[in-house]
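A short worksheet on the structure shown next.
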Amino acid sequence: MILKLPCRFMAFVFPCLPEILNIWTTTGMYPQEFIIRFPDPTKLTAVTVDSYNVTHLKIEQNNSPNASNFESVAEKDFTQTEGHLQSNSIPLNGTTATHLRFIITSGYDHFVSVHRVSVQN
């Protein structure tokens, strides 16, 4: 399943859709977050994030119908790239989730962007 994230300047929740949407950018302050909701609890093996200027990303999950009470499942430091996107695959080791929360804790610049999130199940 591949997602492109809608352009927003705040955290949001949207249904997990196979269609390609737009880019998501930050407002220049950290942390920034976005949440992906699945229609049913879904077993996940990995997630790939295509981004620009992200320094550190945390991923949290939950299995409730509400987007609350998250548990940490992964963290990753990204290598800075010049002139092209960062592409990072993050193992989730069979985590089951209804929601995935992505928290960008820092960036290489004031603004970062997320261009695509690909979830492997």
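Here are some notes:
- Flag for ILE2 being at pLDDT below 90, closer than 17 Å to GLN120 by Cβ, surrounded by 12 or more Cβ atoms within 10 Å (Cβ to Cβ) and touching a Ser or Thr at 6+ places or on another chain (Cβ under 7 Å): yes
- Test result for ALA67, among the aliphatic types (A, V, I, L, M) and modelled with pLDDT of 80 or more: yes
- The number of residues in region 91-121 that are more than 17 Å from ASN53 (Cα to Cα) and among the hydrophobic types (A, V, I, L, M, F, W, C) comes to 4.
- All strands (runs of 3 or more DSSP E) inside region 24-121 with 1 or more residues being touching a Cys at 6+ places or on another chain (Cβ under 8 Å): 32-52, 113-120
- Close pairs from region 51-63: first touching a residue at least 60 places away in the same chain (Cβ under 8 Å), partner outside any strand (DSSP E or B) and aliphatic (A, V, I, L, M), Cβ under 8 Å, at least 6 apart: SER51/LEU85; SER51/VAL112; TYR52/LEU85; TYR52/VAL112; ASN53/VAL112; VAL54/VAL112
The values are calculated or read from the model by the stated rules, or taken from the named source; none is laboratory data. Note that the structure is predicted; figures quoted are calculated from it, not measured. Heads up, the Cβs are rebuilt from the backbone with ideal geometry, glycines too, and the neighbour counts pull from every protein chain shown.
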